[in-house]
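A short write-up of the structure that comes next.
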Amino acid sequence: MKKLNFVLSLTTDDNDYQIEQACAAEEAARRLGVGLHIIYAENDAIIQSQQLLKFIQSNTASRPDGVIFEPVGGTALPQVARAAAAAEIAWVVLNRDVDYVADLRKVHRVPIFGLTSDHEEIGRIQGRQFAALLPKGGSVLYIQGPSESLAAKQRTSGMYETKPVDVQVKLMKANWTEASAYKTLSSWLRLSTSHQTPVDLIAAQDDSMAIGARKAFQELPDNAARDRWLSLPFTGCDGMPKTGQAWVRKGLLAATIIVPPNAGRAVEMLSRSVQTASIPAERTLSEPVSFPALEQLSEQKTRVRSAGSNR
């Protein structure tokens with residue numbers, strides 16, 4: 001049997017979750033003896049489309065057996081997906097639910113499926129973290145992903161489902177990177193009204209964005225204002241071992257949400273599917289978990305509050 005070759009298209013190389021996805025995919029490819037070419041779309045849907053079409057439309061010898069990709073834009077490249085399926089190239093969508101997968105599966109025999117994190121559940125967990133960290137209510141500065149991102153919308157929707165009614169949320173947007181969140185918060189802090197805005201917690205839909213926000217506060221020239229902002233709890237999502245989880249242990253974040261990197265599992269599922277001529281389920285979900293556990297987070301907050309009242 002000839003060696004399988006896959007292309008993995010990720011959104012950016014400037015995000016800890018995407019980097020972990022690349023590492024997980026490379027490890028799976030090495031273990032399974034699969035060729036893997038990783039490309040990054042620079043958070044640009046047009047670039048992602050052009051990059052993938054170049055592979056799909058290449059000559060037969062260099063054409064991949066499958067494409068695994070995490071969409072940048074809101075459409076998830078349906079035209080490119082059709083071109084891949086027509087060329088008998090397997091197509092796997094990461095971290096996004098898209099309608100066209102079901103339609104393509106009815107027409108084409110190659111593996112076409114989705115493997116996604118439960119983004120609404122990620123949001124629900126974050127809402128529960130707000131309840132644990134703000135037992136008496138309060139205000140959250142909430143940094144979302146970009147407007148066109150379905151994952152960002154689903155995480156926000158889930159968060160609103162579970163956050164307490166006495167927790168108010170102010171929304172702002174960034175682009176899944178530390179630099180973008182730093183820029184967003186730095187611009188907001190230049191507004192005279194920002195320092196009068198009541199904020200009890202800073203939350204982001206991504207750990208790197210939470211750290212970007214911290215850096216913006218760290219650069220405030222006023223020592224008192226800087227210390228006040230940095231004393232607030234910061235939370236994020238993705239919970240990679242070397243970043244999000246490590247930042248929680250160091251105290252830079254109060255909490256994160258562990259979101260399993262799906263690219264490695266996608267390589268395994270696609271490899272098995274091609275080799276056994278089987279078709280995976282249309283949609284497979286990976287489940288997120290709070291880090292630390294919600295019960296532990298509540299206990300930590302209770303201990304901190306008790307210590308403060310005893311001073």
### Message
At R0 = 45 Å, how high is the FRET efficiency between Met172 and Ala102 if r is their beta carbon distance? Nearest 0.05 is fine.
### Response
0.80
### Query
Under a point-charge model restricted to the Cβ atoms of Lys and Arg (+1) and Asp and Glu (-1), what is the dipole moment magnitude of the chain relative to its Cα centre, in debye to the nearest 20?
320 debye
### Query
Can you tell which of Gly73, Gln50, Ala225 lies farthest toward the positive end of the dipole of the chain, using +1 and -1 charges on the Cβ of basic and acidic side chains (Lys, Arg; Asp, Glu)?
Ala225
### Top positive-direction residue, dipole computed over the stretch 123-229 with Cβ charges, set Ala213, Leu185, Gln144
Gln144
### Query
So what's the net charge close to Ala76: Lys and Arg +1, Asp and Glu -1, counting the other residues with Cβ under 10 Å from its Cβ?
-2
#### Entry: Principal axes of the stretch 177-226: Cα extent on each, largest first, Å
25, 20, 17
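Report the rotationally averaged projected area of the stretch 15-75 based on its alpha-carbon convex hull, in square nanometres. Kindly include the intermediate steps, with their values, before the conclusion.
Values: hull surface 18.6 nm².
Across all orientations, the stretch 15-75 yields a mean hull projection of 4.7 nm².
As a test of understanding, state the convex hull volume per residue of the chain from its alpha carbons, in Å³.
131 Å³
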#### Entry: Approximate spin-label separation Lys54-Ser187, in nm, with each point projected 7 Å along Cα-to-Cβ
3.0 nm
### Message
Just to check I understand the Karplus step: with θ = phi - 60° and J = 6.51 cos²θ - 1.76 cosθ + 1.60, what whole-Hz values come out for the stretch 194-209, glycine and proline as x?
### Response
4, 7, 9, 6, x, 9, 10, 7, 10, 10, 9, 7, 7, 4, 5, 5
### Task
May I ask for the angle, rounded to the nearest 10°, between helix 262-276 and the longest principal axis of the chain, with both axes built from Cα atoms and the value confined to 0 to 90°?
20 degrees
### Query
Separation between the Ala224 and Val165 pseudo-spin-labels, each 7 Å from Cα along Cα→Cβ, expressed in nm?
3.7 nm
## Note on the structure
Flagged as over-length at 28 Å C-alpha distance, from Lys183/Lys242; Lys136/Lys170; Lys153/Lys250; Lys136/Lys173; Lys153/Lys215; Lys3/Lys54, the pairs are Lys153/Lys250
### Query
How much length is gained on full extension from Ser139 to Asp13, taking 0.36 nm per residue of separation minus their Cα-Cα distance?
42.1 nm
### Task
Return the whole-Å distance between the Cα centroid of the stretch 58-119 and the Cα centroid of the stretch 157-209.
33 Å
### Query
Sequence-distant or interchain residues sharing an amide H contact under 5 Å with Ile257, placed H: which?
Gly236, Cys237, Asp238, Gly239, Phe291
## Note on the structure
With x for Gly and Pro, the residue-by-residue ³J(HN,Hα) of the stretch 35-46, computed from phi through the Karplus equation 6.51 cos²θ - 1.76 cosθ + 1.60 at θ = phi - 60° and given in whole Hz, is x, 9, 10, 9, 10, 10, 9, 6, 6, 10, 5, 5
### Message
Step by step: find N for the stretch 191-311, compute 2.2 N^0.38 Å, then divide the Cα radius of gyration by it. What's the final number?
### Response
1.45
### Message
Students often check this: by mean Cβ neighbours within 10 Å, which of 15-23, 196-204 ranks highest, and how do the rest follow?
### Response
15-23, 196-204
### Query
Residues with amide H under 5 Å of Leu8's amide H, sequence separation 5 or more or different chain, H placed in the peptide plane at 1.01 Å from N; which?
His37, Ile38, Ile39, Ile68
### Message
Quick check: pseudo-label points 7 Å beyond the Cα along Cα→Cβ at Gln300 and His37, how many nm apart are they?
### Response
4.4 nm
### Task
Just name one of Thr60, Ala90, Val267: the one whose Cα is farthest towards the positive end of the charge dipole of the chain (beta-carbon charges, Lys/Arg +1, Asp/Glu -1).
Val267
#### Entry: the stretch 44-189: radius of gyration over Cα atoms, expressed as a fraction of 2.2 N^0.38 Å
1.30
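Bear in mind that the values in this text are calculations on the coordinates, not laboratory data. Quick caveat, the model's predicted, so the values are computed rather than measured. We place every Cβ from the backbone using ideal geometry, glycine too, and count neighbours over all the protein chains shown.
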